Amino acid sequence: MRIREEREEDRDAVREIVSKEFDTGAEAALIDDLRNAAEPIVSLVAEDDGVVIGHVMFSSVKLLEHPDAKLMGLAPLAVDYEHQGRGVGSALVREGLERCRGLGVLAVVALGHRDYYRRFGFEPASRLGLRCEYDVPDDAFLALELEEGALAGKSGTVRYHSAFGRL
């Protein structure tokens, strides 16, 4: 398995994997919207023998009270059903976090299952003083500082790209 940047020729495979994972075309449309409108983005695929088997995207989010703080949101993450449980998603997330570090991102937020994201160091975002613009349970809105103390003195509401509002 190899993790690499998504290319234009991967888009159909990514759309298929994401649509199957989420049982709707909304998340696949979200990816298209983010590719066209969000900057920066980190969009990675996992491939096995030349076949795309997974995808992850990170896109810029805003900390309303500190607009110059560089944060990214992890979403969506999808792995082809036949390849789940084999570390594909974990490899995508780890590589994506490294790419975010390389962009000088302070922290990454995610809406998801706490037990899954804990393995990467995510914790409830409220512990770091972050709130989600959406009404979600505290243990579902998670954050990871990419350097310890990176959010010191920075707290507030995280706003996702407007494309997320169409989900």
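Coordinate-derived values only; no laboratory data. Here the structure is a predicted model, which is why all the values come from computation and not from measurement. Heads up, the Cβs are rebuilt from the backbone with ideal geometry, glycines too, and the neighbour counts pull from every protein chain shown.
So for region 16-30 (the condition being in a helix (DSSP H, G or I), without any contact (Cβ under 8 Å) to a residue 60 or more places away in the chain, under 20 Å from residue 144 (Cα atoms) and of a type outside the set (D, E, K, R)), does at least one residue qualify?
Here is the first cut: in region 16-30, the ones in a helix (DSSP H, G or I) are 16-22, 26-30.
Now drop any that are not without any contact (Cβ under 8 Å) to a residue 60 or more places away in the chain, which leaves 16, 19, 22, 28.
Checking the rest, the ones that are also under 20 Å from residue 144 (Cα atoms) come to none.
Scanning region 16-30, I find no residue that is in a helix (DSSP H, G or I), without any contact (Cβ under 8 Å) to a residue 60 or more places away in the chain, under 20 Å from residue 144 (Cα atoms) and of a type outside the set (D, E, K, R), so the answer is no.
I'd like the full set of residues that are more than 17 Å from residue 93 (Cα to Cα) and either aromatic (Phe, Trp, Tyr) or free of Cβ contacts under 8 Å to residues at least 60 places away in the same chain (or both), limited to region 105-132. Listed by number, the residues that qualify are 124, 125, 126, 127, 128, 129, 131, 132. For region 1-43, a residue qualifies if it is under 23 Å from residue 90 (Cβ atoms) and acidic (Asp, Glu), and the qualifying residues are 5, 6, 10, 16, 21, 23, 27.
Of all residues in region 104-120, those satisfying the criterion of being surrounded by fewer than 15 Cβ atoms within 10 Å (Cβ to Cβ) and either within 14 Å of the chain's Cα centre (by Cα) or not small (Gly, Ala, Ser) (or both) are 113, 115, 118, 119. Residues in region 110-118: is at least one part of a helix (DSSP H, G or I), in contact with a Leu (Cβ under 6 Å, 6 or more places away or on another chain), small (Gly, Ala, Ser) and within 27 Å of residue 25 (Cβ to Cβ)? Looking through region 110-118, none of the residues is part of a helix (DSSP H, G or I), in contact with a Leu (Cβ under 6 Å, 6 or more places away or on another chain), small (Gly, Ala, Ser) and within 27 Å of residue 25 (Cβ to Cβ).
Scanning region 59-78 for residues that are touching a Gly at 6+ places or on another chain (Cβ under 8 Å), over 17 Å from residue 141 (Cα atoms) and either surrounded by fewer than 23 Cβ atoms within 10 Å (Cβ to Cβ) or without any contact (Cβ under 8 Å) to a residue 60 or more places away in the chain (or both) turns up 65, 66, 70. Residues that are within 26 Å of residue 165 (Cα to Cα) and part of a strand (DSSP E or B): does region 80-101 have at least one? Checked against the condition, which is being within 26 Å of residue 165 (Cα to Cα) and part of a strand (DSSP E or B), region 80-101 yields no hits at all.
Figure legend. Inter-residue proximity from region 34-58: first residues touching a residue at least 60 places away in the same chain (Cβ under 8 Å) and surrounded by 16 or more Cβ atoms within 10 Å (Cβ to Cβ), second residues of a type outside the set (Gly, Ala, Ser) and outside any strand (DSSP E or B), beta-carbon distance below 8 Å, spacing 6+ or different chains. Indicated pairs: 34/161; 38/161; 42/99; 42/100; 42/103. Comparison of 121, 149 shows that the only residue that is within 14 Å of residue 74 (Cα to Cα) and either assigned to a loop (DSSP other than H, G, I, E, B) or among the β-branched types (Val, Ile, Thr) (or both) is 121. Picking from residues in region 4-18 that are within 15 Å of the chain's Cα centre (by Cα) and surrounded by 12 or more Cβ atoms within 10 Å (Cβ to Cβ), the one that is nearest to residue 41 (Cα to Cα) is 6.
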